[in-house]
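Have a look at the structure below, then the notes.
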Amino acid sequence: MASVTVKHLWKEYGSQVVLENLNLHVADREFVTIIGASGCGKTTFLRMLLGVEQPTKGQLLIDGEPVPAEPGPDRGIVFQRYSLFPHLSVLDNLMLGLEFSGSRWLGKLFGARRRVALEKAESLLEAIGLHTARDKYPSQLSGGMQQRLSIAQSVIREPKILLLDEPFGALDPGITADMHEIILRLWQANRMTIFMITHDLKESFQLGTRLLVFDKRRNDPHEPERYGATVTYDIPLNRKKHSMPLASLTAALAGP
Amino acid sequence: MPRLVNLYPSSGGALALGALPFLILIAAYLFGSATRLAENPDDKLLPAPSAFVETLKSYAVEEDRRSGEVLWWLDTGASLKRLLIALGISALIGIVGGLAIGALPIVRSLLGPFVAALAMIPPLAILPILFIMLGLGEVAKIALIVFGVAPCIIRDVSLRAGELPKEQLIKAQTLGASSWLLATRVILPQLWPRLIDALRLTLGSAWLFLIAAEAIASTEGLGYRIFLVRRYMAMDVILPYVIWITLLAYTMDWLLRMTRARLFPWAESR
Ligand SMILES: Nc1ncnc2c1ncn2[C@@H]1O[C@H](COP(=O)(O)OP(=O)(O)OP(=O)(O)O)[C@@H](O)[C@H]1O
Ligand SMILES: [Mg+2]
């Protein structure tokens, strides 16, 4: 269970208003995709859900409780880059989450408990097609392989919420289809609520059950930092029926 | 004709190029030595190669008449022992201090400025203090080296810890890492290669402090011997000792480099 409620949320950095009066309710197991102009505060919103940034005003609740002020295993994250551990092999990168939870002082598992963890990690490796690279180091992987590993690494502790910040932004368009399949499969298997930032409109329609568009409602040309962004479009997506064709939605978004 | 910046020597060519400066130096020495000795057979400044062979025999093979020891190895053993103990202590202080300062903001605020200030004190300036407080024995010499290199190692290692991408540390926390596990499983393992780099970089100053301490108060050691025979202008002893020290330092550097490549293959730049 992981519903997210946002009530009158404001985020300011000094005199710069980044987000203003955000109101939102996201149900459990929703796949929310987020798009918006560069610098409008999408990452900031994700970082607040993660617990590394605090709201200036208003409330950010997960299952009715305020988001803890530091990251925890209930909220997984995949960044665009740099979230693998370069000193660990592919398999050890994946095992790390299980080793953290199973061994408080050594952070290492042995014997029967290690075998159980190993089995889980290896089946996940199989699922993301990285079982042949299990002994390689992250720097020996391609960008797509690194991101697949990073996603698998984030779901191995079975977080309630998975946060994705342009996870495929640095990848070749050719390989994103595979990535989409993997993320959808993991989403269905793990019963998570997903928030995913993307700059690819098509991707946001293909993956999400709900699309949020972040934008400024007001703008002062002389003082661009005066007003923040908020959710200007909140579009339910029925991915089975594709009720509204992509082209007309794109047109609707470009409207005002 | 390709640009000069794209011109690479063959592997044999690289070897020959690398050897060239050494050969030129040796040739220049032999020439200089021969001319000076032709003018004045008693010249002590640039002894002939035969003089080195004689000295090497009396220092490295034969026992010293007074002490009954083979001086070359006595000096080498004493110096290496001091140096290795001091480097070991410095490495330990460096990794523990660097990790604590790099990983914990509170410790960074507490010790960061202090270590930065310590690193600025010229170690030789406090050598008298060390001799007064710790006596003229081994402890003061080792303390001088540690004082000279440990603050630099702490700084270097903690800088590396600070360079780790924030994303990595956040990710580890979302995987359930406590501060302890974050330090021991994520940060520390990534600091070892940098510790080795820091040791390699401080090796030169470690030798400097060792020789300085030995020159001032010692009864054996490579630095002690060089400064002892200086009184007799015994270039035939000083030069082989200097070459030997260089060789030892070079070997230690090479061993550290190999250890790094062997133990931390993931940290090799490719
Ligand atoms: N720590 C910070 N201190 C001050 N200002 C910040 C900080 N973090 C972000 N900002 C500002 O907040 C605004 C929103 O940044 P954010 O990273 O959330 O944008 P974004 O929507 O993710 O953009 P992009 O699509 O380019 O990633 C930017 O104007 C940025 O300058
Ligand atoms: Mg962003």
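The values are calculated or read from the model by the stated rules, or taken from the named source; none is laboratory data. As the structure is a prediction and not an experimental result, all values here were calculated from the model. Cβ placement follows ideal geometry from the backbone for every residue including glycine, while neighbour counts extend to all protein chains displayed. All accessible areas refer to the heavy atoms of the entire protein, side chains included, with ligands and DNA or RNA removed. Shrake-Rupley method; radii C 1.70, N 1.55, O 1.52, S 1.80 Å.
Across chain A, the mean sequence separation of Cα contacts (distance under 8 Å, 6 or more residues apart), normalised by length, yields a relative contact order of 28 percent. Taking A:68, A:138, A:224 in turn, the Gaussian network model of chain A (Cα-Cα springs below 10 Å) assigns the largest fluctuation to A:224. Rounded to the nearest Hz, the phi-derived 3J(HN,Hα) couplings of the stretch A:181-198 under the Karplus curve 6.51 cos²θ - 1.76 cosθ + 1.60 (θ = phi - 60°) are 4, 5, 5, 5, 5, 5, 4, 5, 6, 9, 6, 10, 9, 10, 10, 10, 8, 8, where x marks glycine and proline.
Measuring between their Cα centroids, the stretch A:217-233 and the stretch A:1-75 lie 18 Å from each other. Counting protein heavy atoms only and a 1.4 angstrom probe, how many square angstrom of accessible surface do chains A and B bury in total, to the nearest 100? That pair of chains buries around 2400 Å² in total. If only the Cβ of Lys and Arg carry +1 and only the Cβ of Asp and Glu carry -1, the dipole of the stretch A:79-158 around its Cα centre is close to 180 debye. Only the Cβ atoms of Lys and Arg (+1) and of Asp and Glu (-1) were treated as charged; on that basis the dipole of chain A about its Cα centre amounts to roughly 480 debye. The lysines whose alpha-carbon is closer than 23 Å to the alpha-carbon of residue A:120, local same-chain residues fewer than 8 away aside, are A:108, A:136, A:160, B:171. Can you find, among B:25, B:14, B:48, the residue farthest towards the positive end of the dipole of the stretch B:1-71? Put +1 on the C-beta of Lys and Arg, -1 on that of Asp and Glu. So the residue furthest toward the plus end is B:14. Looking at chain B, identify the longest residue range that excludes and avoids all GluC sites (Glu not before Pro) in DSSP loops having at most 13 other Cβ atoms within 10 Å. Formally, the longest exposed-site-free interval is B:70-267. Accessible surface comparison of B:178, B:79, probe 1.4 Å, protein chains only, largest first: the order is B:178, B:79. Partners of residue B:81 within straight-line reach, counting lysines whose Cα lies under 19 Å from its Cα and excluding those fewer than 8 residues away in the same chain: B:141. In the protein assembly as shown, the DSSP beta bridges split such that about 50 percent are antiparallel, to the nearest 5. In the assembled protein chains, residue A:218 presents an accessible area of approximately 110 Å² (probe radius 1.4 Å). The value of relative contact order for chain B, using C-alpha pairs under 8 Å at least six residues apart, is 22 percent. For the pair the stretch B:193-218 / the stretch B:247-270, the C-alpha centres are spaced 17 Å from each other. Each of B:107, B:136, B:174 was placed along the dipole of the stretch B:60-267 (beta-carbon charges, centred on the mean Cα), and the one lying farthest toward the positive end is B:174. Here residue A:216 is the anchor, and the lysines within straight C-alpha reach of less than 20 Å, apart from those fewer than 8 places off in the same chain, are A:7, A:11, A:42, A:57.
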